[in-house]
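As structure tokens, the structure follows; a few thoughts come after it.
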Amino acid sequence: MRRLATFWNQIRYSIYTPIYDWIAGGFYPQRGRSIAQIRAGNSAKILIVGAGTGLDLNHLRGYSNITAVDITPSMLYLLKKRAKSLNLQLDARVMDGQQLQFGDNSFDVIVLHLILAVIPDPVACIKEAERVAKPGGELVVFDKFLEDGKRASWLRRIVNAPILLLATSINRRMEDLLAHTQLRKTNDEPAGFGGLFRILHLQKP
Ligand SMILES: C[S@@+](CC[C@H](N)C(=O)[O-])C[C@H]1O[C@@H](n2cnc3c(N)ncnc32)[C@H](O)[C@@H]1O
């Protein structure tokens, strides 16, 4: 099931690639706020999981050691073009965020923007992000979440099915994901649409 859903993500994002920036470009301020949470200095080793067309790169211009992974080659093609136009050197690779091909404790910062609500197995994704983060490393998250402690209404559950197929889940709770990790939540703030979108800062002990 996970393999099929991952393949479907690859297909649909290949179709969305030409219009993706038009859809997601409006989140410029939220990306800026999320990345501003990073405490590590400019030489930090940064990993962007599900990096898409690289809309975060505008906010990462000061950083010199960036790796970007995504399951969809066409999204990464546009990311590489953007990196070139911004004069940013980076390592971009096609890779599944549920099974990262990096060693333990490899990165100072992991950027998880609009991926935990999209990826078929968000628990695997956040556990992989935790694994590859160095001790004391940071995870910055911007995404849609159901409020902690809240249950999705019937209507929300029904609506979630078609939205998930075409776009994203709106019913994942950060507390459920964090329960599978040792990560500490050091910031959690609303980021639009009545608190549906949130910005978080997490730290690996
Ligand atoms: C909503 S877009 C977010 C892109 C980017 N992070 C942003 O903030 O604009 C989701 C991205 O996740 C990628 N993706 C989906 N499933 C993935 C997986 N299993 N592993 C890695 N990337 C995946 C898609 O190809 C797409 O580029």
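Values quoted throughout were computed directly from the atomic coordinates according to the rules given, and no laboratory measurement underlies them. In this text the structure is predicted, and so the values were computed from the model without any measurement. Reconstructed Cβ throughout: ideal geometry from the backbone, glycine too, with neighbour counts over all protein chains shown.
By the helix-only formula, in which each DSSP H run with n ≥ 4 contributes -39500 (n - 2.57) and the sum is divided by residues, the chain has a 222 nm mean residue ellipticity of -11500 deg cm²/dmol. So for the chain: antiparallel DSSP bridges make up what percent, rounded to the nearest 5? Rounded to the nearest five, the antiparallel share is 40 percent.
Inter-part distance, the range 25-73 to the range 101-137, computed on C-alpha centroids, equals 13 Å. Would the range 63-138 count as rounded, prolate or oblate if I go by the C-alpha gyration tensor, calling it rounded below 1.5 in a/c and otherwise prolate when a/b exceeds b/c, oblate otherwise? Here the range 63-138 falls in the oblate category. Test of understanding: in a Gaussian network model of the chain with alpha carbons linked when under 10 Å, which of Ile158, Ile170, Ile38 would top the mean-square fluctuation ranking? Looking only at Ile158, Ile170, Ile38, the largest GNM fluctuation is found for Ile158.
If you run the Gaussian network model on the chain, springs between alpha carbon atoms under 10 Å, then out of Lys45, Lys185, Lys84 the most flexible one is Lys84.
Let me know the shape class of the chain, please: from the alpha-carbon gyration tensor, a ≥ b ≥ c as square roots of the eigenvalues, rounded when a/c is under 1.5, otherwise prolate if a/b is greater than b/c, or oblate. Before the final figure, lay out the partial values.
Working: a/c = 1.44, a/b = 1.16, b/c = 1.24.
Because its axes are fairly even, with a/c under 1.5, the chain counts as rounded.
Considering only Ala92, Leu112, Val69, and ranking their Cα positions along the charge dipole of the range 1-149 that arises from unit charges at the beta-carbon of Lys, Arg, Asp and Glu, the one farthest toward the positive end is Ala92. For the chain, the dipole from Cβ point charges (+1 on Lys and Arg, -1 on Asp and Glu) about the Cα centre works out to 180 debye, to the nearest 20. Total lysine pairs in the chain at Cα distances under 17 Å, for residues eight or more apart or on different chains: 8. Taking the chain as a Gaussian network of alpha-carbon nodes connected by springs under 10 Å, the highest mean-square fluctuation of the residues Asp143, Asp56, Asp188 belongs to Asp188. Need one word for the range 1-99: rounded, prolate or oblate. Basis is the Cα gyration tensor (sqrt eigenvalues a ≥ b ≥ c); a/c below 1.5 gives rounded, then a/b vs b/c decides. It comes out prolate by the Cα gyration axes.
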